[in-house]
Amino acid sequence: MTKKSFKHVFLIALAAGLSFTSCKTEKEASPESALLAVEFEKYELENGLDVILHQDKSDPIVSVAIQYGVGSNREKTGRTGFAHLFEHMLFQESENVPQDQFFKKIQDAGGTLNGGTWKDGTIYYEVVPKNAMETVLWLESDRMGYLINTVTQAAFTNQQEVVQNEKRQRVDNNPYGHESWVIDKNIYPEGHPYNWQVIGELVDLQNATVDDVKEFYDKFYGPNNATLVLAGDFEKEDAKALIEKYFGEIKRRQEVAPIEPKAVTIAETVRLYHEDNFANTAQLNMVWPTTYQYTDDAYALDFLAELLSSGKKAPIYKVLEKEKELTSSSYAYNNSQELAGEFYITVTANSGKSLNDIEKGIFEAFAMFEKEGVTDRDIERIKAGLETDFYNGISSVLGKSFQLAQYNTFTGDPGFIEKDIANIKKVTKEDIMRVYNKYLKDKPYVITSFVPKGQMELIAENSKKAPVVEEEIKENVAAVIEESNEEIVKTPSLIDRSIEPAQGESPSLNIPTSWSSTLTNGMKVYGIEQNEIPTVNFSIRMDGGHLLDTMDKNGVANLITDMMMEGTANKTPEQLEEEIELLGASINMYTSREAIVVSGNTLVRNFDKTMELVKEILLEPRWDAEEFAMKKTSTINDIKRSDANPNAVANRVYNKLLYGDNHIFAYPTSGTVASVEAITMEDLKAFYAKNFSPSISTIHVVGKIDKAKTLKTLKGLETEWAAKEVTIPEYPIANNRDKASLYFVDIPEAKQSVITIGNIGLARNDKDFFPAEVMNYKLGGSFSGNINLILREEKGYTYGANSRFSGSKIPGTFTASSSVRTNTTGESVSIFKDEIKKYKEGISQEDLDFTKNALIKSNARRFETQGSLLGMLQEMSEYGLDPNYIEKEEEIIRNMSLEQHKALANKLLDESKMAYLVVGDAATQYAQFKLMGFDEVLLINKEGEEAKMDGVKN
C-alpha cells in the first residue's frame, strides 16, 4: 500500500476530463476537455489580500477558506511550534468576538469549521448555510485585523497546555510517534526550516511568551500574506461588497519575502534506533532527501513510490511480504514540499522479525525493480485513477476552496491545475528510472529502527541510539495567572464591528429524491441520482458480519472479506487488482459488527465494468491458499500491534466490560491471536456457503446514473446470485449496571490517560434514540459541549473531550471519553462525573436554542456529496426509515422542551452506575481512585480480566 502517493492528489485530473478557467482569462474549452469546467475569479484588494471567488449553486451553502503563507518553515530554532500554537490562538477571541464564541457562533449558524497548520502553511475554513456568509466574513476579518489586543497571558497559557496535550496524544502516547522528529533532525541540518516538527519542541512551547506571539502575528498574519477563497451559493457583486466592507480596511503588515527552496543532501548514511514504550512490533524507516514540489523530478518520484510499493506487482510487496514474510504493512511515498522533499519507505515488521533482514530485503526489491523495469501498462494503471481522484476532490465546495487556495499560495495561480495535469501526463518510464538512479540508487539515507523496549536484537545493524527526549510524569501544578481587568483597547474601524451581522432566513430543508426497488432474488436497491460530477459511489451491505462469528472461531467474518479481495476463480490477485486500477475505480470489502460491506467508487462510464468485477468477487471467490496464509499472518500482527495502542486497548476493554463475556460484541471483530490462528480455509468456505445471500443484502447507489440504468447494470447480480435463508444469532443485552466501578489498565510511563466512561444505551430504532442524541449535544456532542469547554478550554488538560450515544438494531452505548495529561487523570475523571450529574439538573433556554439551531440549520450541508447521500440511503435501508425521516428528526428537535430535555437526561444518564475505564500509568495514577468514592476500584489487564502489579493492590 502507499501512504501518500501523489501528495497533491485532490489537485489532480486528466486533461481529457476537465478544464479550469479564470473569469479574467477565459479560455475556449475543447470538446474533449469540457466534461467539467470550474470557473473562478481572482482579484486583489488594495491591502494585498488575494481574493478568489467560485460560484456553485448546487447546494445552499458557502465555504470560506483563508490560507496564510506561514507554516513552521517560518520559525527559528528555539522558537518552534509558533505557527501551530498561533492557529489555536485564533480560535480564542478577538476584539469583537468574545472568548470561545468563534466555534459557538459558527455551530449556531449550522456550520462547521476548523483550521490546520503544516510545514508550509496555515489554513482556516468554515462551511455554513448561505445565509450565514456575512457572519463568517465578519468573524474571519475580526481575527485577521482585530485580534492581537485580546491576547492575554491567561488565554495564551491555556492554549500552550492544549497544544502540549495534542503533542502527547499524537506523538508521545503513540507507537512510533517520535519517528518524524528523529528523521527530520537527521535529514535536515540545524537551522533548516524542516529540521523541527510542526507541533514544536516541548521546551519551546513552554518558554513562549505573549510578546513572541504578538511579534509572530504582526509579521505573518497580514492580508498581504493571505488568500481568501469564497466558494458556493452567492451573488458575486454582493460577495465582493461584503469582502471589501470587512477586509478592505485591514492594514497591510510587514512584507513577507518569498522563501526560496532549500533542497538538501546528506554525506553518509545515518543509522539510528529507539526503544519505543508503545510499540509491540518493530518498524523501519529508510528516508532519502529529494527535491521540492512541482518540479519534473517530484512528479516522477511520485510514480516511483507507487511502482515500488503499491499493489501485488510492487517489488517491496513481492520480496518483503510474499517471499520473505517479514511484514504485512509496507509503503513508500514521495513527500515533495515547498522547500525540499524526502522519499520514504516505511515497513512495520511482523512480530519478532529483524529490521536488519528488512533493510536487506529492500535492497533486493531495488534489484528486482532494476531488472524488471517500468512498462507502459504500469504508467497507464497509475494515471487511470487520477480522474476519479480529481472529481472526488472537488465534490464539495470545501474541496474546491482548498484546491484554489493551495495553488494560489504556492504557485500564484489558482488555475495551476492545467500545468499540474500536463506535468503528470508527461512523466515517462525513463523519467522514473532517472529519478531512481538520481535520488535512491547507491545514495546515502537515514534509517531508523523503532523497536519494543527490551528487543534490541531487532534493530538494523550499526545503529546508534537516537536522542529522543521523553516527558517525565510530574505532579500537576496549575499555573496561577491573574486575569487583567484592563479594558481591551479596540482598533479603530470604519464600521461598528461589535454588531454581529443578521443572518436572515435559513435555507429550507430540501431532501433529495430517492428511489427503491427489490430484485427478484430478494436484494433491495436504494438510489439517488446526483449529476454534479461524473462518478458513482455504491455499497452492498449483507447483514450479519461479526454477529455470525462463533466464540471459538471469532474473526472468520473479518478474514473472509480480506480474502475475497484476493483474486477470483478466473483472476489472480494481481490481475484483479490491475483490472480495478485500469478502470480508475476502487472496490473495498470489510466486516463490521453487524454487516459485511462491499463499497466502491468509479467513473460513471465505467460503472458497468466495475459492477461486473464486484459480481465476480462475490460469486466466484478464489480461495487462494498462499493469500490465506498471508492474510492470517497480517491479521495476527495487526492484533498484536493494537495491544500497544492505548486507544485500541481502551475500546476493546470497554466493550468487554459493558457487553460481558457471553456477547460477541465483547470480542474484537478482527478476532484474537488464538482464534485467528485456529481458523482454516474450510471455515471461510463454510461461512461463505451459509451466510452470503442476496436475501439479507441491500445495494445503495448514488451518482450520475438513474434508476433504469442502475437496475440494468445489476441484472447480472439479480439473475446469477441465488437466495438462501440466513439466520442471524441474537444475543440478550441489557444495562444491568448497579454501581460506579473504576477499572484501570496499566500502560507503564503513558504520557496521557485514555478515559472512557459509560453504560449500555439504546438501539438506533428506539423511540428515544434520536431525542437522546439531541439531549447529549450540549453535554459533549460538539466542540462547545460542556465537558470540552471545561477540560480543554478552561483547564487545558486535553486536546478534546466528547460524549455520544451509539446504537444500531442492537443497543449501543452512552460513552464519554477523552485523552488527558497523565497528571490530571483523577481530576479529569471527577469532572466527567460531576458534569454528567449536573447536566441532569437541566440546561438553559439559551443552550437549548443553540442545540436546535446547530442541529436543524446544519441540514443545509447534509446532502452535498455523494458520500453523504450514500450514508443517508444506508441509514434508511438499515433501519427501515421513510425517505423523509430527516424532516421528522427536525420536528423532534424543534419541539423539544426544557422539561423533555431534563427528563431524558435523568432517564438515560446515571453517573452512579457507569463504568469508568482509565488506560494509563498505574504506578502514578491508580492509587488515588481508592479515595474518590467509587463503589469498586479494580486493576485489570488488556483483556479486561482482574490483574496484579507489583506494588499495587486491588
- Are any residues in segment 573-626 basic (Lys, Arg) and closer than 21 Å to Asp549 by Cβ, and if so, which ones? Arg593
- Query: Going by the structure shown, is Glu190 in a strand (DSSP E or B) and not hydrophobic (A, V, I, L, M, F, W, C)?
  - Reply: no
- Please enumerate the residues belonging to segment 902-916 that are assigned to a loop (DSSP other than H, G, I, E, B) and either touching a helix residue (DSSP H, G or I) at 6+ places or on another chain (Cβ under 7 Å) or charged (D, E, K, R) (or both). Leu909, Asp910
- Item | Filtered residues of segment 918-932 (kept if out of contact with any helix residue (DSSP H, G or I) (no Cβ under 9 Å at 6 or more places or on another chain) and among the small types (Gly, Ala, Ser)) | Ala922, Ala923, Ala927
- Task: Give me a count of the residues in segment 148-192 that are modelled with pLDDT of 90 or more and under 28 Å from Ile499 (Cβ atoms).
- Result: 0
- Inside segment 810-857, can you point out the residues that are at pLDDT below 95 and of a type in the set (D, E, K, R)? Arg821
- When you scan segment 827-842, how many residues do you find that are of a type outside the set (Lys, Arg) and surrounded by fewer than 20 Cβ atoms within 10 Å (Cβ to Cβ)? 5
- Within segment 888-910, the count of residues that are closer than 30 Å to Lys942 by Cα and either of a type in the set (Lys, Arg) or in contact with a Phe, Trp or Tyr (Cβ under 8 Å, 6 or more places away or on another chain) (or both) comes to 2
- Item | Members of segment 847-886 that are closer than 22 Å to Gly522 by Cα and part of a helix (DSSP H, G or I) | Leu870, Gly871, Met872, Leu873, Gln874, Glu875, Met876, Ser877, Glu878, Tyr879
- Note on the structure: For segment 325-338, pairs from a residue that is open to solvent by 20 Å² or more (accessible area, probe 1.4 Å) to a residue that is assigned to a strand (DSSP E or B) and among the β-branched types (Val, Ile, Thr), with Cβ under 7 Å and 6 or more apart or across chains, are Ser329/Thr348; Tyr331/Thr346
- Message: Show the residue pairs meeting these rules: Cβ distance below 7 Å; 6+ apart or different chains; first residue within segment 165-193 and farther than 22 Å from Thr822 by Cβ and in contact (Cβ under 8 Å) with a residue 24 or more places away in the chain; second residue in a helix (DSSP H, G or I) and of a type outside the set (Phe, Trp, Tyr).
- Response: Pro193/Asn73
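Here's the yes/no breakdown for (1) closer than 23 Å to Thr535 by Cβ; (2) in a helix (DSSP H, G or I); (3) open to solvent by less than 20 Å² (accessible area, probe 1.4 Å):
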residue: Phe366; (1), (2), (3): no, yes, yes
residue: Phe369; (1), (2), (3): no, yes, yes
residue: Gly399; (1), (2), (3): yes, yes, yes
residue: Gly415; (1), (2), (3): yes, no, yes
residue: Lys419; (1), (2), (3): no, yes, no
residue: Met433; (1), (2), (3): no, yes, no
residue: Val451; (1), (2), (3): no, no, yes
- Query: If Pro501 passes every condition in (1) touching a Gly at 6+ places or on another chain (Cβ under 6 Å); (2) more than 30 Å from Thr719 (Cβ to Cβ); (3) of a type outside the set (Ser, Thr, Tyr) but one, which one does it miss?
  - Reply: (1)
- Looking at Asp420, is it of a type in the set (D, E, K, R) and at pLDDT 95 or above? no
- Item | Residue list for segment 147-171, filter: open to solvent by 10 Å² or more (accessible area, probe 1.4 Å) and either acidic (Asp, Glu) or part of a loop (DSSP other than H, G, I, E, B) (or both) | Val151, Thr152, Glu161
- Task: Determine which member of the set Pro223, Pro129, Pro193 is surrounded by 23 or more Cβ atoms within 10 Å (Cβ to Cβ) and over 29 Å from Leu855 (Cα atoms).
- Result: Pro223
- Please work out which one of (1) part of a loop (DSSP other than H, G, I, E, B); (2) open to solvent by 10 Å² or more (accessible area, probe 1.4 Å); (3) modelled with pLDDT of 95 or more; (4) of a type in the set (A, V, I, L, M, F, W, C) is the condition Ile481 fails and give its number. (3)
- Query: How many residues are surrounded by 15 or more Cβ atoms within 10 Å (Cβ to Cβ) and closer than 30 Å to Phe692 by Cα if we restrict to segment 495-523?
  - Reply: 7
- among the aromatic types (Phe, Trp, Tyr), over 24 Å from the mean Cα position of the chain (by Cα), open to solvent by 20 Å² or more (accessible area, probe 1.4 Å) and at negative phi, is that true of Phe770? yes
- Query: Applying the selection to segment 773-800, what residues are open to solvent by less than 10 Å² (accessible area, probe 1.4 Å) and part of a strand (DSSP E or B)?
  - Reply: Thr798
- Item | Any hit, segment 659-669, residues being of a type outside the set (Val, Ile, Thr), open to solvent by 50 Å² or more (accessible area, probe 1.4 Å) and within 28 Å of the chain's Cα centre (by Cα) | yes
- How about segment 21-62: which of its residues are open to solvent by less than 70 Å² (accessible area, probe 1.4 Å), over 25 Å from Gln530 (Cβ atoms) and either modelled with pLDDT of 95 or more or of a type in the set (S, T, N, Q) (or both)? Ser22, Ser30, Glu41, Lys42, Tyr43, Leu45, Asn47, Gly48, Leu49, Asp50, Val51, Ile52
- Message: Anything in segment 887-901 that is open to solvent by less than 20 Å² (accessible area, probe 1.4 Å) and assigned to a loop (DSSP other than H, G, I, E, B)? List them, or say none.
- Response: Met896
- Do we find that Met551 is surrounded by fewer than 22 Cβ atoms within 10 Å (Cβ to Cβ), under 27 Å from the mean Cα position of the chain (by Cα) and assigned to a loop (DSSP other than H, G, I, E, B) in this structure? no
- Query: For segment 77-84, does any single residue satisfy the condition of being of a type in the set (Val, Ile, Thr), closer than 17 Å to Gly412 by Cβ and modelled with pLDDT of 85 or more?
  - Reply: no
- Checked segment 551-580 for anything more than 20 Å from Glu627 (Cα to Cα) and either modelled with pLDDT of 95 or more or among the aliphatic types (A, V, I, L, M) (or both); matches are Met551
- Task: Considering only segment 384-397, state which residues are open to solvent by less than 40 Å² (accessible area, probe 1.4 Å), outside any loop (DSSP other than H, G, I, E, B) and under 30 Å from Leu320 (Cβ atoms).
- Result: Ala384, Leu386, Thr388
- Met589 versus (1) farther than 20 Å from Lys383 by Cα; (2) in a loop (DSSP other than H, G, I, E, B); (3) not aromatic (Phe, Trp, Tyr): which is the lone unmet condition? (2)
- Query: Checking Tyr176 against (1) assigned to a helix (DSSP H, G or I); (2) out of contact with any helix residue (DSSP H, G or I) (no Cβ under 8 Å at 6 or more places or on another chain), which single condition isn't satisfied?
  - Reply: (1)
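The values are calculated or read from the model by the stated rules, or taken from the named source; none is laboratory data. It should be emphasised that the depicted structure is a prediction, and the values quoted were computed from it without experimental measurement. Virtual Cβ from ideal backbone geometry, glycine too; neighbours counted across all protein chains shown. When the accessible area is computed, the model is the full protein with side chains, heavy atoms only, and any ligands, DNA or RNA have been set aside. Shrake-Rupley method; radii C 1.70, N 1.55, O 1.52, S 1.80 Å.
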